[in-house]
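Below is one structure, written out as structure tokens, with a few remarks after it.
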């Protein structure tokens with residue numbers, strides 16, 4: 001393949017004039033942070049030729065501008081611009097006024113082809129899919145201006161491998177019938193991810209500082225109160241014994257965030273710990289905490305203390321460093337991590353913004369910028385409506401079409417409270433087992449099986465669909481949702497009985513949760529086509545949009561239309577819309 005290093009606009013024009021309609025693009029930047037990063041080079045490849053265009057700081061502004069203008073013209077003319085982690089490159093080029101629509105993201109594509117790949121990084125895929133020898137794969141923490149020839153080889157390879165992965169991906173997409181999912185859902189959604197990277201979300205820096213002081217004070221206050229509850233003081237000493245060596249260790253303080261230290265303390269209060277980890281060890285995690293609320297003053301303080309610790313470590317203490325110079329936070333959204341198609345998020349993880357937290361409403365730190373308001377939208381009973389669609393259960397569909405209270409119907413059919421009915425309805429969509437329900441209801445497995453039998457008598461097609469999922473797993477080792485998204489379980493038939501049960505629960509939940517995620521992706525991709533609105537956050541299945549105050553009525557109507565017409569099903573899935581100035585003001 002012909003390789004070139006280009007440093008002037010005339011040579012770049014000549015190179016691009018010979019480019020095929022489909023070509024790959026990779027940018028080189030000064031950092032990974034969008035707000036501060038600068039473009040220092042880019043690579044192009046169409047399978048026959050490749051070039052690296054260097055844009056060092058030594059170039060004057062006019063020379064850099066001419067090179068970028070050439071790129072702008074040709075990406076606009078392209079039938080398809082191929083990138084690996086497209087939102088990163090598109091957001092970078094946005095700073096230079098470059099916009100283009102026809103794209104393909106190889107990172108997302110290979111995640112759809114095999115979500116079980118341990119990594120979807122370009123270097124990993126080059127090694128495992130393209131069989132590139134490890135010694136030819138180089139890594140650079142930053143652009144090396146001192147050795148252009150050596151660095152350009154690295155940059156050129158990125159574009160070449162991206163193009164080659166694209167060609168391989170097209171074959172797999174066709175063979176696995178993933179075309180609709182790729183071209184109609186995931187590739188348009190790359191533009192949403194790009195907008196999230198560019199827009200960020202406005203935050204209240206002053207409130208964050210105040211909440212940090214208040215929650216930190218509460219944290220230490222609760223710690224003091226817990227010592228008093230135990231009849232202890234911080235100056236007391238206590239013994240622990242390490243399990244393997246039986247070595248006695250003398251400790252002065254209790255670490256209330258340590259499960260190993262908390263388990264004997266909790267049991268000394270007469271509280272039985274029946275919850276276990278996957279390895280069978282005692283667990284004092286979420287399920288245990290939900291069960292023991294209100295059973296002992298010390299435990300209530302301990303639960304609240306844990307919330308304080310989480311808020312401090314995950315949000316309030318590092319909050320300041322996440323804020324960019326424009327007073328906005330730009331979380332990193334990851335589209336090639338979860339097997340369900342949902343986004344994951346980091347720095348900070350807005351997916352973990354706690355709701356109904358009695359310590360601090362952290363969502364109040366996210367606000368509308370001056371002159372704007374927030375439109376927060378999600379679907380009403382989305383997962384249960386998808387359950388009805390997926391199972392084609394006549395009774396479920398009838399309840400939704402007639403506007404009946406589904407939880408009340410289940411409560412009457414199963415002989416449980418309305419709260420218990422909600423646990424059953426949602427638990428079924430999560431693929432929960434009788435054992436899981438027995439823990440929820442604090443009853444025997446036999447009793448749990450009895451009310452599940454009543455549920456399936458009321459909604460027989462749900463059980464039929466569950467059985468068909470088991471058959472599909474036994475036959476093919478994978479399942480497929482309404483959009484065509486697959487969830488694969490390698491070596492399914494070699495797994496133990498318990499492993500197969502776990503796979504089934506994941507598979508059935510996947511059918512519901514993954515299509516819910518696909519619906520949100522389709523809706524968000526339509527929302528951003530309105531240039532007046534800015535999508536600033538996607539939190540679980542909520543779309544958070546910033547809208548000018550004088551455009552609220554039109555904005556709400558547009559978001560609602562985009563969401564409710566995202567997919568065509570036999571059941572309508574209405575959208576719930578809230579208009580607020582602070583994200584934490586949304587009422588559930």
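The values are calculated or read from the model by the stated rules, or taken from the named source; none is laboratory data. Owing to the predicted nature of the structure, the values given are computational and were not obtained by experimental measurement. Positions of Cβ are backbone-derived with ideal geometry, glycine not excepted, and every protein chain shown enters the neighbour counts.
Conditions tested, residue by residue: (1) in contact with a helix residue (DSSP H, G or I) (Cβ under 6 Å, 6 or more places away or on another chain); (2) over 17 Å from residue 467 (Cα atoms).
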| position | (1), (2) |
| --- | --- |
| 488 | no, yes |
| 493 | no, no |
| 508 | yes, no |
| 534 | yes, yes |
| 543 | yes, yes |
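Taking residue 254, is it modelled with pLDDT under 90 and either in a helix (DSSP H, G or I) or surrounded by 14 or more Cβ atoms within 10 Å (Cβ to Cβ) (or both)?
Details: modelled with pLDDT under 90: yes; either in a helix (DSSP H, G or I) or surrounded by 14 or more Cβ atoms within 10 Å (Cβ to Cβ) (or both): yes.
Against the criterion (modelled with pLDDT under 90 and either in a helix (DSSP H, G or I) or surrounded by 14 or more Cβ atoms within 10 Å (Cβ to Cβ) (or both)), residue 254 qualifies.
Only one residue in 139, 153, 115, 135 is modelled with pLDDT under 95 and within 27 Å of the chain's Cα centre (by Cα). Which one? Walk me through how you get there before you give the answer.
Working: 153 fails: within 27 Å of the chain's Cα centre (by Cα); 115 fails: modelled with pLDDT under 95; 135 fails: within 27 Å of the chain's Cα centre (by Cα).
Criteria check complete, one pass: 139.
Anything in segment 184-220 that is surrounded by 14 or more Cβ atoms within 10 Å (Cβ to Cβ) and within 28 Å of residue 268 (Cβ to Cβ)? List them, or say none.
Scanning segment 184-220 gives 218, 219.
Scan segment 382-416 for residues that are without any contact (Cβ under 8 Å) to a residue 60 or more places away in the chain, crowded, with 18+ Cβ neighbours inside 10 Å and not in a helix (DSSP H, G or I) and jot them down.
Result: 416, single match.
Could you list all residues from segment 1-33 that are assigned to a helix (DSSP H, G or I) and without any contact (Cβ under 8 Å) to a residue 40 or more places away in the chain?
Let us first name the residues in segment 1-33 that are assigned to a helix (DSSP H, G or I), namely 9-17.
The answer is 10, 11, 14, 15, 17.
Suppose we filter segment 574-588 for residues that are touching a residue at least 60 places away in the same chain (Cβ under 8 Å) and either over 22 Å from the mean Cα position of the chain (by Cα) or under 16 Å from residue 535 (Cα atoms) (or both); how many remain? Write out each step before concluding.
Taking segment 574-588 first, the residues touching a residue at least 60 places away in the same chain (Cβ under 8 Å) are 574-586, 588.
From what is left, the residues that are either over 22 Å from the mean Cα position of the chain (by Cα) or under 16 Å from residue 535 (Cα atoms) (or both) are 574, 577-583, 585.
Of the residues in segment 574-588, 9 are touching a residue at least 60 places away in the same chain (Cβ under 8 Å) and either over 22 Å from the mean Cα position of the chain (by Cα) or under 16 Å from residue 535 (Cα atoms) (or both).
So in segment 315-333, with the set limited to residues that are in contact (Cβ under 8 Å) with a residue 60 or more places away in the chain and part of a helix (DSSP H, G or I), which one is surrounded by the fewest Cβ atoms within 10 Å (Cβ to Cβ)?
320
Please give the helices (runs of 4 or more DSSP H) falling wholly within segment 90-195 in which 2 or more residues are within 28 Å of residue 62 (Cα to Cα). Show your work before the answer.
Details: elements: 106-113, 122-128, 148-175.
Once the helices (runs of 4 or more DSSP H) in segment 90-195 are filtered for at least 2 residues that are within 28 Å of residue 62 (Cα to Cα), what remains is 148-175.
Would you please list the contacts, defined by Cβ atoms under 6 Å and residues six or more apart or on different chains, that run from a residue in segment 474-491 that is at negative phi and not assigned by TED's automatic domain parsing to the domain that holds residue 566 to a residue that is crowded, with 16+ Cβ neighbours inside 10 Å and assigned to a loop (DSSP other than H, G, I, E, B)?
Within 6 Å, the pairs are 485/341; 487/339; 489/477.
Tally time: how many residues in segment 276-314 are outside any helix (DSSP H, G or I), without any contact (Cβ under 8 Å) to a residue 24 or more places away in the chain and either touching a strand residue (DSSP E or B) at 6+ places or on another chain (Cβ under 9 Å) or under 16 Å from residue 218 (Cα atoms) (or both)?
So the count comes out to 2.
Is it the case that residue 263 is at pLDDT 90 or above, surrounded by 13 or more Cβ atoms within 10 Å (Cβ to Cβ) and over 30 Å from residue 210 (Cβ atoms)?
Values: at pLDDT 90 or above: yes; surrounded by 13 or more Cβ atoms within 10 Å (Cβ to Cβ): yes; over 30 Å from residue 210 (Cβ atoms): yes.
So residue 263 passes the test.
Would it be correct to say that residue 462 is under 29 Å from residue 185 (Cα atoms) and in a loop (DSSP other than H, G, I, E, B)? Break it down into steps so the answer makes sense when it comes.
Working: under 29 Å from residue 185 (Cα atoms): yes; in a loop (DSSP other than H, G, I, E, B): no.
So residue 462 does not fit the description; no.
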